[in-house]
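So the structure is just underneath, and the comments pick up after that.
Derivation of every value follows stated rules applied to the coordinates shown; laboratory data play no part. Note that this is a predicted model, so its numbers are computed, not measured. Positions of Cβ are generated from backbone atoms using ideal geometry, with glycine treated the same way; all protein chains shown enter the neighbour counts.
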Amino acid sequence: MKQSHLFTKTQKFAPKDEITKNAQLLSRAGYIHKEMAGVYSYLPLGLRVLKKIEDIVRHEMDNIGGQEIRMATLHPSEPWKKTGAWNNVDVVFKINSRTEKEYTVGQSEEEIVTPIAGEYAKSYKDLPVMIYQIGQKYRDELRAKSGIMRGREFGMKDMYSFHSTQEDFDNFYEVAKDAYLRIYTQCGLEAKATEAAGGSFSEKISYEFMVITDAGEDDIFYCTSCSYCVNVEISKQNEADTCTRCNKGTLKRAKASEVGNIFDLGTKYAKALSFQFKDTEGKNQYPIMGCFGIGTTRLMGVIVEALSDDKGIVWPASVAPFDLHLVAISGKDKEKQALVSAKADELYTALHKAGVEVLYDDRIDLSTGVRLAESDLLGIPYRLVVSEKTLEKGAFELTTRATKDTEYVSTVQLIVGKIFKGSRY
């Protein structure tokens, strides 16, 4: 894409009402647009990032047997009343229709997905079933804050699994946990599987996946030697205690942001919504149900919080809106401008043919300083500068955004090799 065709523009200053880094940077760079507290629109660059995050999530869910569906956003109130969530979950939006019926917009999908699965899974032979969707969620948050990390409308991947035995669920639980950790690694983050209370979904211990960041809303203890991690709220331990799992490391306290969770729901929703199956002896049983959530828009915000620097966003290659930012720079001499533009156009075409996603800054009327500052703000993994200086050298200036390392490369093949080296999951 040529940047002159991109309808969004960068802003020098962040909106005055945004106090979190993710909201400030994403707004300034033209990735998102705030509609009201807790509600954002995703603009062309932001949507490209979000789709790549969703593709990583989708890839891993498909690999562990998940089947993607698209559930209704508008829910009837009846199943919510059967599970007790209509009156007991305070973040549920309630809508009164002109027909005097009550509805809600989905803040979670247990009340919808359980009857769907129950219609098709009649026997133990039909289980397990793993169903997921990636879509919008709506919660009546009293204090929507933290930019896109906590909102009233947000993107979510939620998968629900149904199992004939607790053992089968426990085995899948570990498979899903490993898939989650792979997702976060592919998104450039190190997440810790953290023990936490089940909240309104389950009375059992659940797992939250936490990324350590100063912008986090939770406090965790994590072991310096093993993978043990626990939310401070449910822990009876203290910082600097010896880890009770490995008996080697000590516990450190840190701020962290939740990027996903896994709940063992037991038979709660199956019983409330009358989902039974025939076991091996022909007897009716309730399936064991699991819930596996990842906030996709929240994950985007956490990436910005965790990986940005003082110049702007630093996207991991796997989720960046483009692989490369091509910038054509020249002085006021018209003849030299034409030479630079011609070479940049040639590179743009060649890189596109080679499969590189390129944002081409062809706006030679803007100052060099402004355009390079914008490039840093946008956070695309690599920047390739074509200028009068590089034409004289017979090579192009390639800068890695994350490390700020610069080198000169002379051919499209070398550029492509550098960009794609280790950048695809």
Expressed in nanometres to one decimal, the distance between label points 7 Å along Cα→Cβ at Asp214 and Ala373 is 2.2 nm
Going through Lys9/Lys311; Lys192/Lys404; Lys125/Lys157; Lys21/Lys343; Lys52/Lys94; Lys2/Lys52 one by one, the pairs whose alpha carbons sit over 25 Å apart turn out to be Lys192/Lys404; Lys125/Lys157; Lys21/Lys343; Lys52/Lys94
In degrees, nearest 10, the alpha-carbon axis of helix 166-186 is tilted away from the dominant principal axis of the alpha carbons of the chain by 10 degrees
Rg (one decimal) and Dmax (whole number) from the Cα set of the range 1-138, in Å, equal 19.8, 61
With the range 200-279 reduced to its Cα atoms and the Debye formula applied, log10 I(q)/I(0) at q = 0.13 1/Å amounts to -0.52
With Leu372 itself left out, Lys, Arg at +1 and Asp, Glu at -1 over residues whose Cβ is under 13 Å from its Cβ give +2
Expected sort for Tyr408, Tyr382 with the fewest Cβ neighbours (10 Å cutoff) up front is Tyr408, Tyr382
In degrees rounded to 10, the 0-90 angle between helix 296-307 Cα long axis and the longest Cα principal axis of the chain is 50 degrees
Contact order relative to length for the chain, counting C-alpha pairs under 8 Å separated by 6 or more residues, stands in percent at 15 percent
Rounded to the angstrom and largest first, Cα extents along the principal axes for the range 1-62 equal 41, 30, 18
Partnerless cysteines (no other Cys beta carbon under 4.7 Å) identified across the chain are Cys187, Cys229, Cys291
Cα gyration tensor of the range 111-228 diagonalised, 5x eigenvalues square-rooted, in angstrom largest first, produces semi-axes 28, 21, 14
Rounded to the nearest 10 degrees, the helix 110-120 long axis (Cα) sits at an angle to the longest Cα principal axis of the chain of 70 degrees
Looking only at aspartates and glutamates whose Cα falls under 15 Å of Lys332's and that sit 8 or more positions away or on another chain, we get Asp362, Asp365, Glu388
Counting Lys and Arg as +1 and Asp and Glu as -1 over every other residue whose Cβ sits under 13 Å from the Cβ of Val211, the net charge comes to -4
Placing +1 on each Lys and Arg Cβ and -1 on each Asp and Glu Cβ in the range 90-172, then taking the dipole about the Cα centre, the residue among Thr99, Gln166, Gly151 whose Cα reaches farthest towards the positive end is Gly151
Computed about the Cα centre, the charge dipole of the range 3-307 from +1 Lys/Arg and -1 Asp/Glu charges at the Cβ has a magnitude in debye, to the nearest 20, of 900 debye
Exposure proxy check on Arg363, Arg48, Arg98: fewest-to-most Cβ neighbours within 10 Å is Arg98, Arg363, Arg48
Taking every DSSP bridge whose two residues both lie in the range 324-420, the antiparallel percent to the nearest 5 is 45 percent
One computes Rg over Rh for the range 324-420 from alpha-carbon atoms, with the Kirkwood Rh, and obtains 0.93
Looking only at aspartates and glutamates whose Cα falls under 20 Å of Lys255's and that sit 8 or more positions away or on another chain, we get Glu190, Glu195, Glu208, Asp214, Glu217, Asp218, Asp219, Glu233, Glu239, Asp241, Glu305, Asp309
The answer for trypsin sites (Lys or Arg not before Pro) in the range 297-359 that fall in a DSSP coil and have at most 15 neighbouring Cβ atoms within 10 Å is Lys311, Lys332
A correct fewest-to-most ranking of Trp315, Trp86 by other Cβ atoms within 10 Å would be Trp86, Trp315
On the formula 1/(1 + (r/R0)^6), with r taken between the Cβ atoms of Ser97 and Lys125 and R0 of 25 Å, the FRET efficiency rounded to 0.05 is 0.05
Computed on Cα atoms, Rg of the range 249-347 relative to 2.2 N^0.38 Å comes out at 2.16
Of the convex hull drawn through the C-alpha atoms of the chain, the volume per residue in Å³ is 172 Å³
